[in-house]
Each structure stands twice: as C-alpha cells, then as structure tokens.
Amino acid sequence: MKSGEAARRKRTPTTLAPRGRKSRHGVSPSGFTLAEYVSEEVYAQRKDLPRFLNVIPASESPCTGCHAECCRARVVMNVPDLVRLVAPLQMPPSSACDLVECETRNGEPILIGETPKQIVLRKGDDDFCVFLMNVDGHRRCGVHAIRPAICRIYPFSWERGNMRYQMGYVACPSMWVVGEARKNAVLDDVESHEHDRVLDRKLVRRWNARPAEERTPQGFWRFAMVEGAAELGLDVGYLTRPEPRTRLKPALW
C-alpha cells in the first residue's frame, strides 16, 4: 500500500457509513479500529504462567473485581448522550448533568452567553458519579443500559486525527482481553458515538447561532432536550406536563 493511501485510511472520515451497519473482523463500517488491548491469542499463551512471569495482568472481565474507580473520572457528554440518559428517567437534565467551562471540547463548544462550556455528568459528594449505586458492598452503575458513550466504549478513547480508538485513561485492575466478538461490539458503539458527534455538532451550532442574551443555561437544557429528542425520536413530553394536582381532600387512611 502506498504511503499516501495509508495516511488517507488513518484519518477520521469526512463521511460516516450509514447508521445501523455492523462492525466486522475488527473494523467498524466507517473504518475505525481498536488499539492497545490484549488479544485472546496472547492471553491464552500466558494466562497459566506463574504470577512473576505474567508481568502484565489481563482479564476477560476486569469489572468483576473492580470498585468502579473509572466512575471518578469526568464524563464529558454530547447532546444525544444527555437525551438518551434523562428521557427514560423522566428527570430534568440539570439534575443529572452540569455545564462547566472548557477551553476545548470533542465537538463544538456550547456557548452560554459568550462562555464556552461542555456537558458533564454530575458527581456526588464522594467524588463518584451520581448514578453509581452500592449493591451489597459493590459499586455498580445504576444506569448501565443508558450510560453515555464515553462510558460505553471505555477504556478506549478517540485519538484525534486517526481512525482508531486506543486505550486512554485506564483505572481497571487489569488490562482488557478483547476477542473478536467484543471487539466488534465495542466498534459498533464507536460507530454510534461518531454519528452522535455529528448530530451534536449540528445541534450545538444551531444553539450557538442564537443571540447571546438567549443562551442561558436553562434555555440550553430545554433546547437540547426538545431538539435532541426530535432528532432521536424520543418522547420528552414530561418536561411540559403540568405538576400533579394537590389533593382536594385529606387521605381516608
């Protein structure tokens, strides 16, 4: 392969494959790949070695013995992440997330007035994610099925300008063993995340085009939920429903 062709294949694509296609043979429909993991073949060769020879511990399921240390990290979200998280829970977005000032963002910065901000998942007083639960002494995600993309593809993260997702911040007790099925599943999430980034950019640019005096935090939350839900086909009617009526009579029991 010529060097120019190789370089073109590594760059982030300007056009993504149609949404819904599946990853095959460790490559996503748009050409993304994963890097810096332990393959099943490598793991099979060393999993029975004495501990002092197995210098890089690896596991097929590091989460089993973990105390959710990754849930201390700042989780940066896009608008589709936000809508998919709070719409099923029927809660106000400002109860789950915060808008924090940023210098750069993986996408268009969100202008609140003239200040660039980004959406982050809220943390509790213990510095862990607010949705983290303690189940019989184990920390577990309380919104696992609707968690943001950055959590879904963890421990892989986007490498700017390249066609691969590589290991980024890793708080796991061991390296990940990634077989063909898991690789394709992660890449399906990567592909979905890339489509979400395109939609996020579209929505945020639409928001940033508004006059500065209209770009308030409250205005953004409403805009993100209504406009994002319309794009994703989700129902956020609960945001406009009236509060339940106060009881007209005292309870009978």
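The values are calculated or read from the model by the stated rules, or taken from the named source; none is laboratory data. Predicted model, so just to flag it, every value in this text is computed and none were measured. All Cβ positions, even for glycine, are placed from backbone atoms using ideal geometry, and neighbour counts span all protein chains on display. Each accessible area value is taken on the protein alone, full model and side chains, heavy atoms only, with ligands, DNA and RNA left out. Shrake-Rupley method; radii C 1.70, N 1.55, O 1.52, S 1.80 Å.
Quick look at the numbers
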item	result
Förster radius 30 Å - calculated FRET efficiency between S157 and A209, Cβ distance, rounded to 0.05	0.50
14 Å beta-carbon shell around V79, net charge (K/R +1, D/E -1)	+3
H144 accessible area, assembled protein chains, probe 1.4 Å, Å²	110 Å²
In sequence order, calculated HN-Hα J values of segment 201-207 (Karplus, 6.51, -1.76, 1.60; Hz; x Gly/Pro)	4, 4, 5, 5, 5, 5, 5
Distance (nanometres) between label positions extended 7 Å along Cα→Cβ at D136 and S95	2.9 nm
Per-residue HN-Hα couplings for segment 116-121 [Karplus 6.51, -1.76, 1.60; θ = phi - 60°; Hz; x = Gly/Pro]	x, 9, 9, 8, 10, 5
Taking N as its residue count, the alpha carbon Rg of segment 18-68 over 2.2 N^0.38 Å	1.57
Residue-span extension gain [A181 to R72] - 0.36 nm each, minus C-alpha spacing	36.4 nm
Computed FRET value (nearest 0.05) for L234 with A35, which takes r as the C-beta separation and R₀ as 35 Å	0.60
Segment 29-44 - phi-based ³J(HN,Hα) in whole Hz, Karplus 6.51/-1.76/1.60, Gly and Pro as x	x, 8, x, 6, 10, 10, 9, 6, 10, 9, 7, 4, 5, 5, 5, 4
Point-to-point label distance, L49-T216, nm (Cα→Cβ direction, 7 Å offset)	6.2 nm
Aspartates and glutamates whose Cα lies under 19 Å from that of K123, excluding same-chain neighbours fewer than 8 positions away	E69, D81, D98, E101
Calculated FRET efficiency for the pair V226/E60, C-beta based, R₀ 51 Å, to 0.05	0.75
